[in-house]
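Encoded as C-alpha cells, the structure appears first; notes follow it.
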C-alpha cells in the first residue's frame, strides 16, 4: 500500500486529468500529509482530520472548508485503505460568509482611470498599463487573471476580438470589443512597442516596468 502523501499525489493527478485544476486542494492536502507524517499516522481518522482542520493557524471561518478537502480525499483513499474514516458532512458547521461584491459607479471608474495616468512612475508605460487594464476590466467583464494572462496572439486588433484561453472551468471563449476599446488597446500596443525597443520583453500583452509579466501581487504593491 502506498503512503498517504503518495495517495494525495495520485488523487490530484487523477482529478486534474479530468479537467480540475485543484490549486488550493493541492496545497491544503500537502499540508495535511505533512501534519499526518508529523504524528506518524498512516491512515485518516475523524479525530486527526478535525485536529488538522482546527489548527491554531486556521480561522474558525475556514475550518469547515479545510475539513471538506480532507473529506473528498478520504472518499478516494477509502477505496485502497479500508481503515480510512470519512469525516461526515456537518461535522464542523459554519455559516457561509461571502463578501458582498462592490460595484463601481461610472464616476468612480473614471476617477480610477484619471488617477492611473497621474501615477508617479519609473517608466512612461506604467500609468498606461494601469489605465488600459482598469478600462478593459470595466467594459469587457473579464476576470483580473484573464486580463493579465492575455498574450499578444490573443489580442486581435483587426477584428476587435480577444481570445480568452483556459478561463473558468478550463474553457476558452471569444470576447468582442467595442471600437473605442479596440482603439485604446491599439494605443497601448503602440506605447508597448516603443517601450520594448532594445529590451527583452514578455509575450504577455500587459507588461510591468521591468518588461515582465504582471502578477496580482505586483498590482497590490503597485509594482507595475
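At a glance:
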| read-out | value |
| --- | --- |
| Check on residue 158, at pLDDT 85 or above, assigned to a loop (DSSP other than H, G, I, E, B) and farther than 27 Å from residue 122 by Cβ | yes |
| Residue that is at pLDDT 95 or above and not assigned by TED's automatic domain parsing to the domain that holds residue 135, where the choices are 83, 98, 23 | 83 |
| Residue in the range 104-127 that is under 30 Å from residue 3 (Cβ atoms), in contact (Cβ under 8 Å) with a residue 12 or more places away in the chain and surrounded by 15 or more Cβ atoms within 10 Å (Cβ to Cβ) present | no |
| Residue count for the range 128-159, restricted to those that are on the phi > 0 side of the Ramachandran plot and free of Cβ contacts under 8 Å to residues at least 24 places away in the same chain | 0 |
| Residue in the range 53-65 that is under 22 Å from the mean Cα position of the chain (by Cα) and closer than 24 Å to residue 13 by Cβ present | yes |
| The range 119-132 - residue that is under 25 Å from residue 150 (Cβ atoms) and out of contact with any helix residue (DSSP H, G or I) (no Cβ under 6 Å at 6 or more places or on another chain) and, of those, modelled with the lowest pLDDT | 122 |
| For residue 39: the one exception among (1) modelled with pLDDT of 90 or more; (2) loosely packed, with under 15 Cβ neighbours inside 10 Å; (3) more than 30 Å from residue 190 (Cβ to Cβ); (4) touching a helix residue (DSSP H, G or I) at 6+ places or on another chain (Cβ under 6 Å) | (4) |
| Qualifying positions in the range 146-198 - surrounded by 12 or more Cβ atoms within 10 Å (Cβ to Cβ) and within 16 Å of the chain's Cα centre (by Cα) | 146, 147, 148, 149, 150, 164, 165, 166, 167 |
| Cross-chain or 6+ apart pairs with Cβ under 8 Å, the range 46-68 first and over 12 Å from residue 32 (Cα atoms), then in a helix (DSSP H, G or I) | 58/66; 63/53; 64/53 |
| Hey, residue 17 touching a residue at least 24 places away in the same chain (Cβ under 8 Å), loosely packed, with under 13 Cβ neighbours inside 10 Å and under 22 Å from the mean Cα position of the chain (by Cα) or not | no |
| All positions within the range 161-202 that are under 15 Å from residue 132 (Cβ atoms) and either in a loop (DSSP other than H, G, I, E, B) or at pLDDT below 90 (or both) | 177, 178 |
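The values are calculated or read from the model by the stated rules, or taken from the named source; none is laboratory data. Bear in mind that the values here come from a model prediction, so they are computed numbers and not experimental data. For neighbour counting, all protein chains shown are included, and Cβ atoms are generated from backbone atoms with ideal geometry for every residue, glycine included.
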